[in-house]
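Have a look at the structure below before the remarks.
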Amino acid sequence: MVNSKSKKIEDSKMYRPPQDNNRDEQINFDELFEKISSSMPKIPFLGNNGKAPLVIIGFIIIIVFWLLSGFYTVGPDSQAALRTFGKFIGTADSGLHWHFPGPVGNRDVVAVTTTRRLELGFRSGSDGFAVAQPVTNESLMITGDENIVDVQAVVQYKISDLPNYLFLVDDPGDFERGVNPGSPDGRTLRDIAETALRQVVGARNIDDVLTTEKEQVQTEVLLKMKQLTTEYETGLDVIQVLLQNVNPPKEVQAAFEDVVKAREDRDRLVNLAEAYQASEIPRSLGQAAQITEAALGFKEGRIAKAQGEADGFNAILEGYVNSPDVTKKRLYLESMESILPGIKKFILDDSSVLPFLPIDGANSGGIQ
């Protein structure tokens, strides 16, 4: 018995339970917390609970970080719409601002000066270089003379009233252009553009839409879109409407091209005729004026000559009435004076015929 008992004692001495050598090195958080709380001043109305100051400090830190998260920046091309408990309270322009952070306050920063684009009747590629895909349910329209025309247009717009844009119109959006639901430049703007374009095209003949009055169509569509966006309070400002392609349906496009070519030839010939007219009329007018002036000058000369001859005849007649003999002799001598210098003269008497020598003595062989 003794031996067995001593053996058990030895066995118990040989067994040692595992000891944690790092137990002394572990941090006792409770002791640490008690030391920190004991070093802090006691707040009378919080009792002797040492954990209360730490909770308050932690809460204050959270509040400070929450308030600091209310600072935000608005870019130069953007504007922020501010809400408090979901109610719109105002807007903020570019710069650094502060507003209650969520869930108390919310802010929506939107680029309001950026010009945006809406394609009607076609869809261009995402990279801008892909071939545009037609959308016939938007582009095919009936004109005023009951013809079908394929019209594609581009609408440029921007945000003019941010609160109306964000809160007054509910819209399903346009995922093709990245317009989120609730923004009126999604389906709402597309419907406005299509309605205005169909209304304007439906009031005109197909020839006007295809050729001569594209500028008027663009202007009228722009005015109608401005009117509709204002009435719906979308907060959008339509800047420009540009007609891209205006073509007849493919089935009759060749015939319309022939008509357009014939109209262009007609206009070219008309322009040539007008140019010829513009050059010939001034020249003809100048020639007519020259002939008229010459005729007037000839007329005045003949009248003056005839008047002078008449006056001379009247003077001769008056002299003849006063002294007929003297007038006859004077007229005779004047006639001889105008006739004799041009002919060879002879003097006749009863005895012989002698040549009449020139008085200046040019004939030196004659009689002196």
How many lysine pairs does region 197-343 hold where the Cα atoms are under 22 Å apart and the two sit 8 or more places apart or on different chains? 5
Under Stokes-Einstein, region 71-147 at 20 °C and 1.002 mPa s, with its Kirkwood radius over C-alpha pairs, diffuses with a coefficient in µm²/s of 132 µm²/s
Ser69/Val135 FRET efficiency (R0 56 Å; Cβ-Cβ; nearest 0.05): 0.80
For Ile281 and Gln307, what is the calculated FRET efficiency with R₀ set at 35 Å and r taken between the beta-carbons, to the nearest 0.05? 0.40
Would you mind checking which residues have amide H under 5 Å from Gly182's amide H? H placed 1.01 Å from N; only 5 or more apart, or other chain. Asp171, Gly173
Would you tally the net charge around Arg107, using a Cβ to Cβ cut-off of less than 14 Å, leaving Arg107 out, and scoring K and R as +1, D and E as -1? 0
Is any residue of region 171-215 close enough, with backbone N under 16 Å, to a label point placed 7 angstrom from the Cα of Arg116 along the Cα-Cβ axis, and if so, which? 171-194
Largest first and to the nearest Å, give the Cα extent of region 117-248 along each principal axis. 43, 34, 20
Residues listed by number, region 298-315, amide nitrogen under 13 Å from Arg330 label point at 7 Å toward C-beta: 312-315
Could you sort the peptides 173-185, 93-105 by per-residue average Cβ neighbour count (10 Å cutoff), highest mean leading? 173-185, 93-105
Once Lys and Arg are counted +1 and Asp and Glu -1 for all other residues with Cβ under 11 Å from that of Gln79, the total becomes -3
Which residue, Thr188, Ala254, Val169, has the largest displacement toward the positive end of the dipole of region 153-275 when charges sit on each Cβ (Lys, Arg +1; Asp, Glu -1)? Ala254
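Since every read-out is calculated from the coordinates, none of them should be taken as a lab result. What you are looking at is a predicted structure, and each value in this text was computed from that prediction instead of being measured. So basically every Cβ, Gly included, is an ideal-geometry build from the backbone, and we count neighbours across all protein chains shown.
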